[in-house]
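The structure appears right after this line, and notes come after that.
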Amino acid sequence: MNIQNIEYFLQLAKYGHVSVTADFLNISQPSLSKHIASLERELGLKLFDRTGNRIILNKNGEQFARYAQQSMDLLNAGINSAKRSIYDTKGTIRIAYNTYASILVKCIEEYTKINPLISFQVKSMPDSPELPAFDKIDFILLASRSGEDWSNNGQFWASQQLFQENYVLIYGKDSGLNIPEHGLDIAALENEYFIVMVEDSLLWSDITYSLCFSAGFYPKIYCQTDEFLVKVQLVASGVAVALIPESCLDDALSVAPNLAYSTLERYDTRRSISIMHRKGILLTEAAQDFWTFVMDFYGLTEDI
């Protein structure tokens, strides 16, 4: 049985939308559908039912998902156990970020399973890229819509894209808003209040403004905050809506089960997540080891 088919099946079961899942996996929707169809042919069973714009597990799918997840967990545990025997690198890896740090969590979690001797320092980006603090950073996790390199006081940083994703709109289930589960035109929200980042930064600006401007209106701002928890809880209360990246949905829904979300159409909502290192600067052994792991984790082949 094709392991990749199972992995894609579990992700589709998790997100419930072909488009959202395909974006998360960085593959096309037809490609995802082919993998699922191949798995269903092999099993001789239909695993999903369609309800509106959502794809939900049927009884066959629920039963298979339970055992498939257990099998994948056991397989990953075996792989990690085998790899752990060859890892002896020690040290500290220092990462700065300008995007919600949850994106890093899964990668760090998987790395420390096979190399528990490494420790991490993960902190938000300094206010200015010219601050001396950047001399003590191994990597930067950068969210951008340009994907371009940038410089820090003459030190150029090289960027390796890890994945791309779209933004989705989140709103409270009890807000009374009539919002479709898929294909929302943000122009329909002209009279709604938004929660946005507290202010634009040197490296990133809130996408809410550019999307609303593209739709022909200036967003009504209910609150500005750089605290993810505050944003999610306010949205769940029904006082406003907000845009968050797809990779943040799981955390948002775990904090506030009363949230609903919708994918957007017509306007460009894609962002790139990249990891960056300084050009011409020799990485520590620990940082080099982590870089190699990250490239493998995201299926990349780029070398420093």
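See the values below:
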| read-out | value |
| --- | --- |
| Any hit, the stretch 284-293, residues being in contact (Cβ under 8 Å) with a residue 60 or more places away in the chain, within 20 Å of the chain's Cα centre (by Cα), under 22 Å from LYS14 (Cβ atoms) and open to solvent by less than 60 Å² (accessible area, probe 1.4 Å) | no |
| Flag for ILE244 being surrounded by 16 or more Cβ atoms within 10 Å (Cβ to Cβ), at pLDDT 90 or above, under 19 Å from LEU25 (Cβ atoms) and β-branched (Val, Ile, Thr) | yes |
| Lone qualifier among PHE217, PHE297 - being within 18 Å of LEU162 (Cα to Cα), touching a residue at least 24 places away in the same chain (Cβ under 8 Å), touching a helix residue (DSSP H, G or I) at 6+ places or on another chain (Cβ under 8 Å) and open to solvent by 10 Å² or more (accessible area, probe 1.4 Å) | PHE297 |
| So THR225, is it open to solvent by less than 60 Å² (accessible area, probe 1.4 Å) and out of contact with any Phe, Trp or Tyr (no Cβ under 8 Å at 6 or more places or on another chain) | yes |
| Any strands (runs of 3 or more DSSP E) falling wholly within the stretch 114-175 and containing at least 2 residues that are at pLDDT 90 or above, aromatic (Phe, Trp, Tyr) and closer than 23 Å to ASP251 by Cα | 155-172 |
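The values are calculated or read from the model by the stated rules, or taken from the named source; none is laboratory data. Source: prediction; values computed, not measured. Heads up, the Cβs are rebuilt from the backbone with ideal geometry, glycines too, and the neighbour counts pull from every protein chain shown. Remember, those area values only see protein heavy atoms, side chains included, never the ligands or the DNA or RNA. Shrake-Rupley method; radii C 1.70, N 1.55, O 1.52, S 1.80 Å.
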